[in-house]
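Undergrad: Okay, here's the structure, questions in a sec.
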């Protein structure tokens, strides 16, 4: 369980490097907001593509090989992003990172299902809830560590300070590679004992047949998640820059406020998993979260109130 939580914490933390350092990236690389948006989103296309391909690869190469590939891609992408001196070099780093991010999310789901799927207990819901909590903790770390590291290296030129901050942060996903090797050994040893692979490949339905069997509630949930995450990631990207401009906070303070969005989510995510196991109503719970998220965004956008109130609504929604 700890292995999967650390995998996602590391990946989500690295995913938010751009969002946590928007003012520094604009200044050091002389980019405008649209270029920063392209830089941030450039990891999503390979990530989404490899979520689908990763599902196919899982049946061919197994979860262990997929996990080490994802860990290495995340580290390489972070280093390329840090060392690049051009906009397109930074894009290349984000693309490489995205190649690892998609499989990382899939690998975490696969590990949770292999180890904790038990219909007689809420262990799988709690497992997914804990993994989600650590993913949000990764966001919190990004929004706190990056501004603090930039402040630590403020005696350097802007580009050098950004490079050093990202390289320092890359230590965390580098540790993931070591932990991944430990997981591979553990999974290999436990596989025959715990009978982790009970379903054979020839028993699996085809991808097309699986899609045809998905119920209407799944597609409703898919639409809600796709639209809400599209909005959420845009807000996350410009949250630090927004607070610097609107409330005149320094980068470190703005990063801390932005990370505060995820605090309640870290606590409530496992509890939500237990509630869904006991009562169902997943779509109802998600809808209530979307309402709170919308209220929080409106409070931040159209009022001059301190950001804590709007951030609290957004935090509860996650």
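The values are calculated or read from the model by the stated rules, or taken from the named source; none is laboratory data. Please read these numbers as outputs of a predicted model, since none were measured by experiment. Neighbour counts run over all protein chains shown; Cβ positions are idealised from the backbone, glycine included.
Undergrad: Restricting the search to segment 80-104, which residues are in contact (Cβ under 8 Å) with a residue 60 or more places away in the chain and surrounded by 18 or more Cβ atoms within 10 Å (Cβ to Cβ)?
TA: Within segment 80-104, 81, 82, 90, 94, 97, 100, 101, 104 meet the criteria.
Undergrad: Step by step: first the residues of segment 178-234, then only those that are closer than 21 Å to residue 53 by Cα, assigned to a loop (DSSP other than H, G, I, E, B) and touching a helix residue (DSSP H, G or I) at 6+ places or on another chain (Cβ under 7 Å), then the one that is modelled with the highest pLDDT. Which residue is that?
TA: By that ranking, first place goes to 197.
The rows are residues; the columns are (1) closer than 21 Å to residue 31 by Cα; (2) modelled with pLDDT of 90 or more.
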position	(1), (2)
90	yes, yes
108	no, no
114	no, no
124	no, no
141	no, yes
150	yes, yes
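Undergrad: Would you check if there is a residue in segment 126-136 being over 20 Å from the mean Cα position of the chain (by Cα) and at pLDDT below 75? First the steps, then the outcome.
TA: Taking segment 126-136 as the starting set, the residues that turn out to be over 20 Å from the mean Cα position of the chain (by Cα) are none.
No - not one qualifying residue is present in segment 126-136.
Undergrad: Let me ask something additional. Which residues, counting only those in segment 272-318, are closer than 19 Å to residue 137 by Cα and either modelled with pLDDT under 75 or crowded, with 20+ Cβ neighbours inside 10 Å (or both)?
TA: If the condition is that a residue be closer than 19 Å to residue 137 by Cα and either modelled with pLDDT under 75 or crowded, with 20+ Cβ neighbours inside 10 Å (or both), then 272, 273, 293, 311, 313, 314, 315, 316, 317, 318 are the ones that fit.
Undergrad: Continuing with the same structure: Can you confirm whether residue 166 is at pLDDT 85 or above, surrounded by 20 or more Cβ atoms within 10 Å (Cβ to Cβ) and closer than 16 Å to residue 18 by Cα?
TA: Answer is yes for this residue.
Undergrad: Would you check if residue 26 is more than 13 Å from the chain's Cα centre (by Cα), more than 17 Å from residue 72 (Cβ to Cβ), in a helix (DSSP H, G or I) and free of Cβ contacts under 8 Å to residues at least 40 places away in the same chain?
TA: Against the criterion (more than 13 Å from the chain's Cα centre (by Cα), more than 17 Å from residue 72 (Cβ to Cβ), in a helix (DSSP H, G or I) and free of Cβ contacts under 8 Å to residues at least 40 places away in the same chain), residue 26 does not qualify.
Undergrad: Can you find a residue that is under 23 Å from residue 178 (Cβ atoms), out of contact with any strand residue (DSSP E or B) (no Cβ under 8 Å at 6 or more places or on another chain), modelled with pLDDT of 90 or more and in a loop (DSSP other than H, G, I, E, B) anywhere in segment 12-19?
TA: Yes; the residues of segment 12-19 include at least one that is under 23 Å from residue 178 (Cβ atoms), out of contact with any strand residue (DSSP E or B) (no Cβ under 8 Å at 6 or more places or on another chain), modelled with pLDDT of 90 or more and in a loop (DSSP other than H, G, I, E, B).
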